[in-house]
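Report on the following structure.
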Amino acid sequence: MDRDENAVVVINERETVRVPAPMVAVMLLGPGTRITHGAVNLLADSGTTVCWVGEQGVRMYAAGLGPSRGAALLNCQAWLVSRTKERLAVARHMYRMRFPGEDVSTATMQQLRGREGARIRKLYQAESRRSGVPWNGRVYKAGDAYAAGDDLNRLLSAANAALYGIFHAVITGLGASPGLGFVHTGLATSFVLDIADLYKAEYTIPLAFDLAQQGHTEERDARLGLRDRIAQDELLGRIVHDVKTLLSPDDTDMPDAEVNELWDERVGTVQGGVNWSGTEGPATAAVSEPGMGEEHLSIIGPEFTQDTGSP
């Protein structure tokens, strides 16, 4: 990947594609991708999040946010998670997504946890009957998918770990915080765990039983199997929709994504980018737009090995 004026140029052995950087919200870079400093600089100036991920978004390695990126979704998330009533409403919404048709509008967190535990237990038993794979309970060691349990438990842990990477990339790409969870709390990935729990019953649990039934018990089998199912279902778009829906309730006023303001304890916010030292009102400061750098950088094309002849 390189930069040509205000476009990111994506090059492979088949074709060259120019992508207008301001139209891209997040760029996921998979294994083997090479990207120039000029392309990263352009994406940063355009407010595009760049994530380094595994195949089909499975596993999240690193991410970068440009200085011009708005914080609207993050501000809304922080507002919701720091108020008990609103936080409980979002948690209920999450559980309602898991229990379609059930009324959880008055349920407490303790009641919701109980329902979730019963649901997951029944789901494991149902998958065991469907696949014929014995189920003896969940055993795992946090942080090491293959450290505990039988083959089925290790497949579940490996698939869940891959699932977390996908959601981590999407949440970061949208500008939300992976650490501000509504059900989970205390971890830097609490919100990742919240969102992943919405999909485990549909993806990782059936996948683990299917793989165990087929005799595929390696961690790589779980990762590749999840990758294929997610690509087939085009899950990334659905995740984006669900995250935005949870963090943007209908009765919540979302701030402008492009505002530059300063917080004030009396009036809420005041204009940013100005000098407030005067007594007769703010004096406008010179605010420069992010520089676009050189208009053109040489493009790195595919490496060809055929003989080009003598000079």
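Sub-6 Å Cβ pairs linking a first residue in region 126-141 that is of a type in the set (S, T, N, Q) and surrounded by 12 or more Cβ atoms within 10 Å (Cβ to Cβ) to a second residue that is in a loop (DSSP other than H, G, I, E, B) and at pLDDT below 95, at least 6 apart or interchain, are Ser128/Trp135, ordered by first then second residue. Taken as a whole, the structure leaves Leu65 outside the set of residues that are surrounded by 15 or more Cβ atoms within 10 Å (Cβ to Cβ) and modelled with pLDDT of 80 or more. Would you check if Ser157 is outside any loop (DSSP other than H, G, I, E, B) and surrounded by fewer than 21 Cβ atoms within 10 Å (Cβ to Cβ)? No.
In summary, strands (runs of 3 or more DSSP E) completely within region 1-58 and bearing 1 or more residues that are surrounded by 17 or more Cβ atoms within 10 Å (Cβ to Cβ) and touching a residue at least 40 places away in the same chain (Cβ under 8 Å) occur at 2-4, 7-11, 26-29, 49-53. Checked against the criterion of being surrounded by 15 or more Cβ atoms within 10 Å (Cβ to Cβ), among the charged types (D, E, K, R) and modelled with pLDDT under 90, region 98-105 has at least one qualifying residue.
The values are calculated or read from the model by the stated rules, or taken from the named source; none is laboratory data. Computed from a prediction, not measured in an experiment: that's the story for all the values here. In this analysis, Cβ positions are derived from the backbone assuming ideal geometry, glycine residues included, and neighbour counts consider all displayed protein chains.
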